[in-house]
Each structure stands twice: as C-alpha cells, then as structure tokens.
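> I'd like to ask some things about the structure below.
Every number here is computed from the coordinates shown, using simple stated rules; none is lab data. Note that the structure is a prediction, hence the values are computed from the model and not measured. With ideal geometry, Cβ positions are generated from the backbone for all residues, glycine too; neighbour counts draw on all protein chains shown.
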C-alpha cells in the first residue's frame, strides 16, 4: 500500500520537529489502513529522565476509555442484561443526585451520550480498593442538576463512573476485571495497564504541565487521577497499537483478531448512530453511544479524544475506508500535533478532508451583543468571568478551582471575538488551539444561561 508507506516516511521525517514546535516532550503514533499497521514515536517519556519514547511505550488514553466503557455496556445489552432506556435505578437502586426527580428518570443511554444533565466533573478520590467506584456513587448525592435529562449535551465524566458501576453490579466483579476479561484479553491488548502498578513494569510516559503561564512543561507531581474515575478515563494506559486493536474490532463489525464475536454488529452500528447534536463548535457534530461523530465530506468519521494529568490522546476512524489513527502525547500544545497528523492520515489514506482548525479572522470584531454573555459561570473545576470593557470588548478569565487548581492548571485569560451567532472565538490560543465557546439559553433577562465549551457551565451571577 504505497500511501501507507508514504505516511510512514512522512511521520519519521516530521514527528520530532512537530513535537519541538509545540513543546510536546514525547509522542507515539499508530496508523491502520488496508489491513496493515505502521508505528512511529519520537521524543522522551519524561524530561526528568530523558527516557526515549518508542512505539511500544505506554501513554494514558484518558477519556477514550469511555468508548471502552460504552462497549462493555453494549455487551450487556447484547446479552439481554441491560436495557439502555430503563432507569439507572433498575440496576442501581441507590443511585442519587441532588435532584431526586431527575435521578428517577436518568437512563444508561443518557449517561452514554452525555445528556443526563447533572454536574459531571467530579473527581473525588474514594480510595484504591476494588470498591472505589461503588463508593464514588455516594459522592454524587448532592451534585446539582444543570438541566433536564435529555435536554442538551454536556460532557459528563461522573456519568461514566455511574455506567461503570452498573457494569460492575451486573457482572459481579470490579470494573478493571470486567475491562480485562471482556475487552482487553479478547482483543489481544496485552500491554494495556489498568493502574500504575501494572504500568510501572512497562516503558511508560509521564505527563507534563505548565506550572506558570508561558513557563516550561515539567513532569507532573502525580501520574494519574483517582481510581474512582477509572470508567471515565482516569487510569487506563497502553501503546497506540493496543488502542488500534480496539478500533479495528469496531471496524470489523464487532469481531476480534481471531474472528470471535466481541460485540454484535447491531451494537457496533448503534454506537455510531447520532443521539444528540452538538453546539456549533466546529468540532464533532453529534454524539453517539460513546463515540464522537464528525460530519465530513467524502466519508463518515468517528473517534474520541482524551486528556489526563499532563497527557493527551486522539483516536480517529474512517470506517468506510478501513482507516484508523491513534496519536498519544505527554504534554505541551497537543492539539496542533493531533490536527496535523490526523488531518494528513485521513486525507491521504481515507479521502477525508478535515476542516482547518478554528481561528480568529484577520480583523476580529467584538460581539454585537456583549451584554448577553457577560457574567460569572461556575462548575466544580473552574470559575469563568466574562466582562465587557469600556470599549465594548469582551474578555474571558478562567480560574481553576478544586482538583484542577491542585494539579497546577494555569489560569487563562483571553479576549472573545464574534464568530458564529452565539458562538464566540478566543483570540488567545489554549494548548495551541482557539476552541470556540457557545453561550446558550436565557436566564429570563436576555442573558445567556450557559457557557458551553463541551461542558455546560451555568451562570451564577451577572
């Protein structure tokens, strides 16, 4: 396959320079096309040790874990053990959140496509024991309901922890054992590590973060988030080739490398069926059951991104062309790296042209209705203040709180410019990208009720 060989040569020539341009310490890439796979790596696994990154090195995949968790849930549905549209309480009678009425109605399907509506960034550490996911459910008793279940999309980590607990209860064993017995082992994902104790015996990446705005990227003080969030992506690490094995199962309609059935073809298709449309972020266009879906000229694309403590990962799949690409990295401005690599792979191997990343125009202008957006928006991980200055320019200042502050996440400040209706674009990039921000709803006075950047942060003042 000449095109794959050309991609391999390009990666070997380009990857190290691309990482240096974006202050990324190390990365690894794996590409599948037409039954063949290539692997390339560059950089270091830790700037403190200088250990070289290799194609077989383990990196955390972060929230891409959610697609594996969703696949485990779909296996239960295949076996008649889980009704996706029945209340969560049918399987978890003790499930409680701050809104009792919502708690009675939320379904596994709503958890899987991020429309359950309760505060989702909850990272409380409930210990390292096998009961940590079970104990995490007690932490959710007071979390607020942001909107009615099913009303809109808002990315929800905690919802996937609830889904992980359902899997534990139905299977009668801890989440990690479910993951290994029903996915990792059947798919030959031999180097996947469910926790630091497993990861330490492999060549494993360490995350890197900026401790001060504009400062260098340094090794993180901790390797992973709490085990209680494992179903959402706090722990799982693997080399890119193992993640490709999972993607190839979905490409093959649910069969594993030995031809054995891992997931029904019906469930494979259902996971890629749009469940909810996304705001106009110029990223994904809809969410399925686990998968983020992208409407692209030429072919369908699905995938997921992940980020943990100083690490990030990207998976994109073009099913009609039998193409999949995985990129994992351990800090720095990862978004431009992911965009360049996935864009070239999908274009040259899949005939899918990805749009250019969002960027401000040459002469950005302030939003026409700045007063609609001004105010304070709050979540469990940040407080965002949007203000209008004397010249009518709109400014966003985000301050990390809670666990993000504890992990040295830096504050972020930028001017916002008009872009598309109620979606504005920041003039200052974050992690190398200008990620658009939507302002949705109405608080009854003509002002936006939510600041939405993938998560819906509710207005709390202004």
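> Largest first and in whole Å, give the semi-axes of the range 370-461's equivalent ellipsoid, each being the square root of 5 times a Cα gyration tensor eigenvalue.
On the way: eigenvalues 81, 51, 29 Å².
In descending order, the three semi-axes are 20, 16, 12 Å.
> Restricting to Cα pairs below 8 Å that are 6+ residues apart, what does the relative contact order work out to for the range 289-349? Please round to a whole percent. Present the calculation step by step, with values, prior to reporting the outcome.
On the way: 81 pairs, mean separation 13.8, N = 61.
Relative CO of the range 289-349 lands at 23 percent.
> What percent do you get for the relative contact order of the chain when only Cα pairs under 8 Å and 6+ apart count? Please list the in-between numbers first.
Values: 1059 pairs, mean separation 80.4, N = 462.
For the chain, the relative contact order is 17 percent.
> What Rg and what Dmax come out for the range 90-175 when only alpha-carbon atoms are used, in angstroms?
My reading of the Cα-based Rg and Dmax gives 12.0, 35 Å.
> For the range 370-461, what does the relative contact order come out to in percent, with C-alpha contacts under 8 Å and a separation of six or more?
On the way: 186 pairs, mean separation 22.5, N = 92.
So the answer I get is 24 percent.
> Also: Nearest 500 deg cm²/dmol is fine: what mean residue ellipticity at 222 nm does the chain get from its DSSP H runs of n ≥ 4 alone, each adding -39,500 (n - 2.57), divided by its residue count? Please report the intermediate quantities before stating the final value.
Details: 13 runs with 121 residues, N = 462.
-7500 deg cm²/dmol, from helical runs alone.
> FRET efficiency for residue 130 and residue 6, Cβ-Cβ distance as r, R0 = 35 Å, nearest 0.05? The partial results should precede the final answer.
Values: r = 47 Å, r/R0 = 1.36.
Given R0 = 35 Å and the Cβ-Cβ separation, E is 0.15.
> Something else now. How far is the Cα center of the range 52-112 from the Cα center of the range 257-293, in Å?
Using only Cα atoms, the two centres lie 14 Å from each other.
> Grab the beta carbon distance between residue 89 and residue 23, set R0 = 56 Å, and tell me the FRET efficiency rounded to 0.05. Can you show the working numbers first?
Working: r = 47 Å, r/R0 = 0.84.
With a Förster radius of 56 Å, E is 0.75.
> Then there's this: Along each of the three principal axes of the Cα atoms of the range 221-304, give the extent in whole Å, ordering the values from largest to smallest.
Cα extents, longest axis first: 43, 40, 21 Å.
> Send over the per residue convex hull volume for the range 58-104, Cα only, as a whole number of Å³.
Working: hull volume 5.3 nm³, N = 47.
Cα-based convex hull of the range 58-104, divided per residue, equals 112 Å³.
> Whole angstrom only: what separates the Cα centroid of the range 197-211 from the Cα centroid of the range 312-338?
After rounding, the separation between the Cα centres reads 19 Å.
> Okay, moving on. Can you give the convex hull volume of the alpha carbon atoms of the chain per residue, in Å³? Numbers along the way, then the final one.
On the way: hull volume 61.9 nm³, N = 462.
Cα-based convex hull of the chain, divided per residue, equals 134 Å³.
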